[in-house]
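Contents: one structure, followed by commentary.
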Amino acid sequence: MRTTIEMGQLHIFQIAIILVIPYTDALQCRDGWTGFEGSCYYLSHGVATWAEAGAVCKMLGSNLAMIETAAELTFLKSELRHIHQHDADKMQYWIDGADLEVENVWRWTQTEQIVSFTEWAPGEPNAGENDNCMNLWGKSGFRYADNDCEEHYHYVCQIRDPEGGELVG
């Protein structure tokens with residue numbers, strides 16, 4: 001037979017479980033970051049070369065974004081269109097993909113995996129000699145494009161959270 005103390009401890013434990021469970025799948029991102037499907041994204045205000053953008057993302061504890069699903073790209077397109085309602089055609093955002101090693105073999109640089117999901121803008125990638133870095137091109141509705149890595153564009157940083165917990169910093 002359980003004592004009153006044991007019953008009280010059991011009730012406290014049950015209350016703690018009830019309070020914690022609803023939040024274990026909730027994604028909380030840092031201020032200025034936006035969450036979607038287990039990742040937090042930062043859409044830069046400033047511009048940088050592709051390498052500089054990657055370095056800034058690293059300083060923020062993240063990486064340039066790896067967009068691996070249509071849902072993820074749709075989410076980012078929506079965010080970018082909202083931010084750039086009047087100037088989207090002029091905007092480009094660096095993401096992680098590059099064909100630096102083998103021309104037209106696009107890889108996510110942080111994992112070396114071949115980019116399997118793509119939504120290239122018409123005429124892209126155009127395999128320009130120096131167009132080795134991937135971006136989201138506003139003029140095409142923020143579809144993928146390849147550009148010279150030394151161009152200065154905005155960028156998308158991403159923090160992945162495979163465990164589904166909080167990403168508050």
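The values are calculated or read from the model by the stated rules, or taken from the named source; none is laboratory data. Not measured: the values here are computed from a predicted model. Positions of Cβ are generated from backbone atoms using ideal geometry, with glycine treated the same way; all protein chains shown enter the neighbour counts.
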Inset, instruction - Scan segment 88-128 for residues that are among the small types (Gly, Ala, Ser) and either under 25 Å from ALA55 (Cβ atoms) or surrounded by 16 or more Cβ atoms within 10 Å (Cβ to Cβ) (or both) and jot them down. - result: ALA88, GLY97, ALA98, ALA121, GLY128
Inset, instruction - For segment 78-86, indicate whether the set of residues that are of a type outside the set (Lys, Arg), exposed (fewer than 11 other Cβ atoms within 10 Å of the Cβ) and modelled with pLDDT under 95 is non-empty. - result: yes
Inset, instruction - Scan segment 129-162 for residues that are among the acidic types (Asp, Glu), more than 19 Å from PHE75 (Cβ to Cβ) and surrounded by fewer than 22 Cβ atoms within 10 Å (Cβ to Cβ) and jot them down. - result: GLU129, ASP131, ASP148, GLU150, GLU151
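Here is a yes/no grid of residues against (1) part of a helix (DSSP H, G or I); (2) in contact (Cβ under 8 Å) with a residue 24 or more places away in the chain; (3) among the hydrophobic types (A, V, I, L, M, F, W, C); (4) on the phi < 0 side of the Ramachandran plot:
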{"position": "TYR42", "(1), (2), (3), (4)": "no, yes, no, yes"}
{"position": "HIS45", "(1), (2), (3), (4)": "no, yes, no, yes"}
{"position": "LYS58", "(1), (2), (3), (4)": "yes, no, no, yes"}
{"position": "MET66", "(1), (2), (3), (4)": "no, yes, yes, yes"}
{"position": "LEU73", "(1), (2), (3), (4)": "yes, yes, yes, yes"}
{"position": "GLU79", "(1), (2), (3), (4)": "yes, yes, no, yes"}
{"position": "HIS82", "(1), (2), (3), (4)": "yes, no, no, yes"}
{"position": "GLY97", "(1), (2), (3), (4)": "no, yes, no, yes"}
{"position": "LEU100", "(1), (2), (3), (4)": "no, yes, yes, yes"}
